[in-house]
Amino acid sequence: MFLSASEGEQRLIDETTSGESLATFLAPSYQRNCLASISQLPPEILFLIFSFVKLYYRVNSLAWIQITHVSRYWRSVAIDSPTLWDDPPLESAKWMVEMLKRSKTVGLTISADLSTHPSRRKIAGLTVILRDHVARIQHLALTNMNYNCQEVRQNLPVSAPRLETLRLSSLSGPTNLDYVCVPKTALNSAENLRQLELSGCNVHWRCFPLSNITHLKLCDIACTARPTWTQFIDALAKMSKLESLDIESVLDPTVRLPAGTTSSPVHLSRLQSLTVESPTTEVEMLFEHVAFPPSAIIHVKAISSSDPISAVISNIARLYSGQEFLTLSIREMGASDPSYLTFVAFKLFRKVFERPNDIYMDTPVAELTLEFVKSRRFHRTADQIVTEIFNNGLPLDKVSHVEFDADITIDNMASTLGSLPELSFVRIGVRGGVSFVNVLYPMDAEYHPISFENLVSITLSVTFHSTLAVRVSHSWRHSWNHVSLKYLQACLIQRYECGAEIRKLSLDYCCHIKESDVRELKNIVVDVDWDGREEDEEESANDWYGTDEDSDYDPQLSFVGNILRADGSLNYSNTPLLSWS
């Protein structure tokens with residue numbers, strides 16, 4: 001018998017049966033989750049897993065909290081882990097209150113991107129945190145501030161007893177730094193401050209408590225807030241625990257250290273990393289009056305100026321007196337367009353790398369890196385920079401491995417790299433190819449001692465010339481940095497005959513070389529390694545430098561001629577000391 005029911009009764013019956021059906025459907029899923037092996041892990045391990053899941057998502061994202069809906073056990077572990085909830089989202093008032101409650105008393109991590117037009121909800125949430133919960137803030141990062149964020153800057157408290165990390169940065173350009181002004185009284189009582197990073201602000205950073213600072217990064221500080229040299233040194237002297245210092249043009253440019261100052265240098269005994277990007281005079285003063293362990297990783301980026309760089313290099317060299325470096329890298333960096341800055345990067349490493357490509361690919365971190373900007377205005381060329389690097393006391397006598405790619409003269413190549421007593425391996429790039437081959441065995445070798453006396457292994461990444469001549473005069477033709485393959489072969493033969501044999505030759509990313517050329521090189525060098533890259537020489541030549549109607553042979557041809565046939569191939573009969581396979 002069919003029983004009728006009212007619409008309300010029918011809806012109640014449907015909801016009841018629907019709920020029972022849903023529970024029946026979800027029961028196996030809950031059961032599988034409870035029986036899964038990951039659900040049997042101890043809370044400590046699950047907490048670590050949850051922490052890694054949270055790190056996967058962007059800052060202030062709440063997507064990670066879906067892990068709390070997998071099982072009751074997971075939810076219990078997550079809810080009972082206060083540090084998972086230490087970064088409340090500023091734009092969600094409801095979740096901010098909930099996460100403040102779940103985080104209990106742990107230190108808070110507050111991060112706010114204030115670029116362009118931050119929402120009123122974000123500003124309101126940040127104001128609440130800074131006003132009511134500042135005693136719990138452990139890490140504070142306010143990035144991309146602009147002049148519209150005055151309300152936030154004014155709310156920065158005087159005291160923050162648990163604050164360890166402070167990062168403040170702005171979107172202002174170099175000419176508008178004064179607009180993003182941080183009150184002088186802000187965070188003056190943050191005695192536990194460890195890491196301080198300030199960029200693009202008008203902030204008197206030396207007013208912060210400095211005694212416990214371990215990491216300091218200062219970039220684009222407004223000129224009106226920059227300290228004098230004396231104030232800067234006094235601030236450094238307070239930071240006895242400093243481990244990392246990264247500064248960019250932080251001094252008042254109108255004030256210089258008085259002449260004749262003989263104060264003892266500030267010794268930063270715990271310093272592990274130093275990065276400086278400043279005018280040459282500022283860098284010179286820093287290394288003259290600040291001392292640190294030679295084990296520190298040093299990176300100096302000196303911008304272009306009229307001051308000589310010799311004093312900078314000699315001051316740095318004094319810090320490394322008695323030290324040994326085994327690997328050296330010198331590269332000319334930057335675009336060929338003269339409107340862009342180009343610089344010479346000099347790197348020293350304490351160890352030799354099993355794979356020389358590691359240096360070329362920039363995988364290791366150099367113990368010492370110096371970068372000097374080339375400048376037509378101040379007549380500073382790569383040739384002059386390399387000369388200064390070698391002539392101002394840096395400990396290079398133990399260097400055995402070199403990676404080089406810079407445009408310097410033949411004489412400079414001979415007096416710098418060619419004179420390193422322990423050098424056994426070189427990797428040469430396009431810019432250094434012509435000078436290197438000319439120095440490998442010079443035309444006037446009978447009157448000059450041979451360069452690269454202990455060299456046994458060469459890696460070339462160069463462009464070879466399609467003619468026999470090597471262009472020594474650096475004209476503004478496209479082929480000025482092309483190496484003569486025949487001249488290279490002649491130099492290798494002559495080195496063999498004079499007892500300075502090259503035992504290994506590697507050709508990586510070389511242009512204008514064919515398999516037949518490699519076979520000839522294998523008749524000269526015992527071990528030749530070629531990457532197999534081969535291109536149409538005639539087509540490539542036309543693409544790069546077209547026809548050469550005014551090509552005059554170099555004087556080197558008189559040297560090459562005695563071991564070359566008229567057709568340009570090697571005349572092995574004139575090299576009796578070699579046995580060819």
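The values are calculated or read from the model by the stated rules, or taken from the named source; none is laboratory data. Predicted, not measured: the structure shown is a model, and the values here were computed from it. Please note: Cβ atoms are built from the backbone with ideal geometry, for glycine as well, and neighbour counts cover all protein chains shown.
Structure values in brief
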item	result
Which listed residue, of Thr214, Thr185, is of a type outside the set (Asp, Glu) and under 13 Å from Asp246 (Cβ atoms)	Thr214
Filter pass, Ile502 being within 16 Å of Arg431 (Cα to Cα), under 37 Å from the mean Cα position of the chain (by Cα) and modelled with pLDDT of 90 or more	no
Any chance Ile13 is at pLDDT below 65, more than 30 Å from Ala141 (Cβ to Cβ) and of a type outside the set (Asp, Glu)	yes
Filter result (within 16 Å of Glu98 (Cα to Cα) and either touching a residue at least 12 places away in the same chain (Cβ under 8 Å) or part of a loop (DSSP other than H, G, I, E, B) (or both)) within region 37-63	Asn60, Ser61, Leu62
Within region 85-99, tally of residues that are over 17 Å from Ala141 (Cβ atoms) and in a loop (DSSP other than H, G, I, E, B)	1
Residues that are buried (at least 16 other Cβ atoms within 10 Å of the Cβ) and over 12 Å from Ser461 (Cβ atoms), drawn from region 506-519	His512, Asp517, Val518
Test set (1) of a type outside the set (Val, Ile, Thr); (2) touching a Leu at 6+ places or on another chain (Cβ under 9 Å); (3) modelled with pLDDT of 85 or more - Ala311 fails condition number	(2)
Number of positions in region 440-462 that are at pLDDT 90 or above and of a type in the set (Ser, Thr, Tyr)	4
